[in-house]
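**Student:** Starting off with a structure, shown below.
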């Protein structure tokens with residue numbers, strides 16, 4: 001009963017802890033508070049600590065009981081059948097999603113580009129958000145290169 005309560009508490013925290021950081025990046029990206037909060041790495045530190053404690057707790061309590069098998073979908077499903085291991089994997093996902101969001105956010109600030117829409121997508125589907133962000137960056141790079149080549153050609157013609 002106590003373990004179940006703790007897992008539920010950690011799951012709830014895993015849902016709540018990153019929300020203020022996502023809200024700041026999406027709603028107030030250029031505000032000093034948002035930048036300070038993200039530069040503090042507080043969200044990543046909290047999630048990383050929760051992940052570490054949950055991982056070691058799951059491994060210690062599940063020795064010989066929980067199959068650690070990333071080699072197949074069936075092995076992953078067997079691991080996810082254990083609530084503690086499911087929480088470990090969920091914390092991993094939530095922490096990495098926030099890290100991806102933070103990278104997109106800081107890259108956008110550095111380049112003076114709005115990242116609000118892509119951050120909303122990244123919040124709900126980080127790999128898709130990252131893919132679209134990278135595709136957009138590649139298209140921007142190609143457009144900049146084409147513009148530079150066009151500018152150099154006109155200089156040569158003069």
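The values are calculated or read from the model by the stated rules, or taken from the named source; none is laboratory data. Remember, predicted model here, so these are calculated numbers, not experimental data. Neighbour counts are summed over all protein chains in view; Cβ atoms, including those assigned to glycine, are modelled from backbone coordinates with ideal geometry.
**Student:** Working carefully through the options 79, 6, 50, find the one that is on the phi < 0 side of the Ramachandran plot and within 20 Å of the chain's Cα centre (by Cα).
**Tutor:** Being on the phi < 0 side of the Ramachandran plot and within 20 Å of the chain's Cα centre (by Cα) holds for just one of 79, 6, 50, which is 50.
**Student:** I'd like the full set of residues that are surrounded by 15 or more Cβ atoms within 10 Å (Cβ to Cβ) and assigned to a helix (DSSP H, G or I), limited to segment 77-91.
**Tutor:** If the condition is that a residue be surrounded by 15 or more Cβ atoms within 10 Å (Cβ to Cβ) and assigned to a helix (DSSP H, G or I), then 78, 79, 84, 85, 86, 87, 88, 89, 90, 91 are the ones that fit.
**Student:** Pairs needed: first member in segment 140-158, surrounded by 10 or more Cβ atoms within 10 Å (Cβ to Cβ); second member anywhere, assigned to a helix (DSSP H, G or I) and modelled with pLDDT of 90 or more; C-beta distance under 9 Å; at least 6 residues apart or different chains.
**Tutor:** Listed by first residue and then by second, the contacts come to 140/111.
**Student:** I'd like the residue in segment 61-74 that is at pLDDT 85 or above and in a helix (DSSP H, G or I) and, out of all such residues, is nearest to the chain's Cα centre (by Cα).
**Tutor:** Restricting to residues being at pLDDT 85 or above and in a helix (DSSP H, G or I), the top hit is 73.
**Student:** To continue, here is another question. Residues of segment 100-113 being surrounded by fewer than 15 Cβ atoms within 10 Å (Cβ to Cβ) and part of a helix (DSSP H, G or I), which ones?
**Tutor:** Correct list: 103, 107, 110, 111.
**Student:** Considering only segment 1-47, how many residues are touching a residue at least 24 places away in the same chain (Cβ under 8 Å), part of a loop (DSSP other than H, G, I, E, B) and surrounded by 11 or more Cβ atoms within 10 Å (Cβ to Cβ)?
**Tutor:** Of the residues in segment 1-47, 2 are touching a residue at least 24 places away in the same chain (Cβ under 8 Å), part of a loop (DSSP other than H, G, I, E, B) and surrounded by 11 or more Cβ atoms within 10 Å (Cβ to Cβ).
**Student:** Quickly run through segment 114-139 and pick out the residues that are surrounded by 15 or more Cβ atoms within 10 Å (Cβ to Cβ) and more than 19 Å from residue 21 (Cβ to Cβ).
**Tutor:** Once the filter is applied, which keeps residues that are surrounded by 15 or more Cβ atoms within 10 Å (Cβ to Cβ) and more than 19 Å from residue 21 (Cβ to Cβ), segment 114-139 yields only 132.
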